[in-house]
Amino acid sequence: MSLTLVIGSKRYSSWSLRPWLALKMTATPFREVEIALRQPDTKARILEWSPSGKVPLLMDGAVKVWDSLAICEYLAERFPEAGLWPEAQGARAVARAACAEMHSGFMPLRRDCPMDVCIETPMAEIPEEVAADFARIDTLWQDCRQSFGADGPFLFGRFSIADAMFAPVATRCLTYRLPLSTVGLAYRDAVLALPAMQEWVKAAGR
Ligand SMILES: N[C@@H](CCC(=O)N[C@@H](CS)C(=O)NCC(=O)O)C(=O)O
């Protein structure tokens, strides 16, 4: 087994957290290379590994996979026993739709509430566009929990890639004290309580 995951600073790199968490949940040992973001040499250091000039990037022998969602998909195929996608076809399709929505959307939330797992800074006034993104995410979380979540505390019951994709939103809820429904709050806490999440936050310097 020669897996290397290249990530950005644990404090800030939301895209890195996603496949890192998915990989942790497979319980597979891997080498981690952390590149400090926001430094003069960040781009050059990332380009030593990643053709896109972005992290995360997974190396599995000669195979290089860049982009968080593509890495998660690769892990699901590479470690089928980890059950990283829900088993039922309908649930799996919804999980993929939720991941795609996260991966391609919520620009105001990303812009105005960047991930920083080392601080807590409640937002005095939540910008309208951020509130709209957040309301949509809370609704999505509630729908998934209600329709598919009977077998555990996560969106599709057992942990899945959908939880990895939304993990950085869970941290932002805490950082910025974004308001959530009761179901959304319980889900946020389930994600933050994962031992792997706590390991990430601790390593980030919190
Ligand atoms: N769509 C990409 C986004 C990757 C991305 O934007 N990564 C940021 C760190 S979170 C990065 O590499 N920033 C470094 C830079 O742009 O110089 C993914 O899903 O992996």
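The values are calculated or read from the model by the stated rules, or taken from the named source; none is laboratory data. As the structure is a prediction and not an experimental result, all values here were calculated from the model. Heads up, the Cβs are rebuilt from the backbone with ideal geometry, glycines too, and the neighbour counts pull from every protein chain shown. The protein model used for the area step is the full one, side chains on, heavy atoms only, and it has no ligands, DNA or RNA in it. Shrake-Rupley method; radii C 1.70, N 1.55, O 1.52, S 1.80 Å.
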- Quick check: is even one residue across segment 38-60 away from the ligand (no atom under 15 Å from the Cβ), surrounded by 16 or more Cβ atoms within 10 Å (Cβ to Cβ) and assigned to a loop (DSSP other than H, G, I, E, B)? no
- Message: Condition first: open to solvent by less than 50 Å² (accessible area, probe 1.4 Å) and more than 16 Å from the ligand (Cβ to nearest atom). Can you find one or more residues in segment 66-79 that meet it?
- Response: yes
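Working only within segment 172-206, note down all residues that are in contact (Cβ under 8 Å) with a residue 60 or more places away in the chain and of a type in the set (S, T, Y). So that I can check it myself, show each step before the final result.
First pass over segment 172-206, keeping only residues in contact (Cβ under 8 Å) with a residue 60 or more places away in the chain: 172, 175-176, 178, 194, 196-197, 199-201, 203-206.
Residues satisfying the conditions are T175, Y176.
Which residues, taken from segment 11-47, are more than 23 Å from G83 (Cα to Cα) and touching a residue at least 40 places away in the same chain (Cβ under 8 Å)?
Within segment 11-47, the subset more than 23 Å from G83 (Cα to Cα) is 11-13, 33-47.
Hits for segment 11-47 are R11, Y12, S13, I46.
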- Name the residues in segment 90-106 that are among the charged types (D, E, K, R) and either within 16 Å of the ligand (Cβ to nearest atom) or in contact (Cβ under 8 Å) with a residue 60 or more places away in the chain (or both), would you? R96, E101
- Task: Read through the list (1) closer than 22 Å to R111 by Cβ; (2) open to solvent by 50 Å² or more (accessible area, probe 1.4 Å), then give the number of the only condition that Q146 fails.
- Result: (1)
- Across segment 156-197, what is the total count of residues that are aliphatic (A, V, I, L, M), in a helix (DSSP H, G or I) and in contact with a Phe, Trp or Tyr (Cβ under 9 Å, 6 or more places away or on another chain)? 10
- Item | Selection from segment 84-129 of residues that are within 17 Å of the chain's Cα centre (by Cα) and either of a type in the set (S, T, Y) or on the phi > 0 side of the Ramachandran plot (or both) | S104, F106
- Message: For segment 61-82, give me each residue that is touching a residue at least 12 places away in the same chain (Cβ under 8 Å), part of a strand (DSSP E or B) and over 18 Å from the mean Cα position of the chain (by Cα).
- Response: K64
- Item | Meets criteria (hydrophobic (A, V, I, L, M, F, W, C), under 24 Å from V33 (Cα atoms) and in the same structural domain as A95 (by TED's automatic domain parsing)) for A164 | yes
- Query: Right, R18: among the charged types (D, E, K, R) and open to solvent by 70 Å² or more (accessible area, probe 1.4 Å) or not?
  - Reply: no
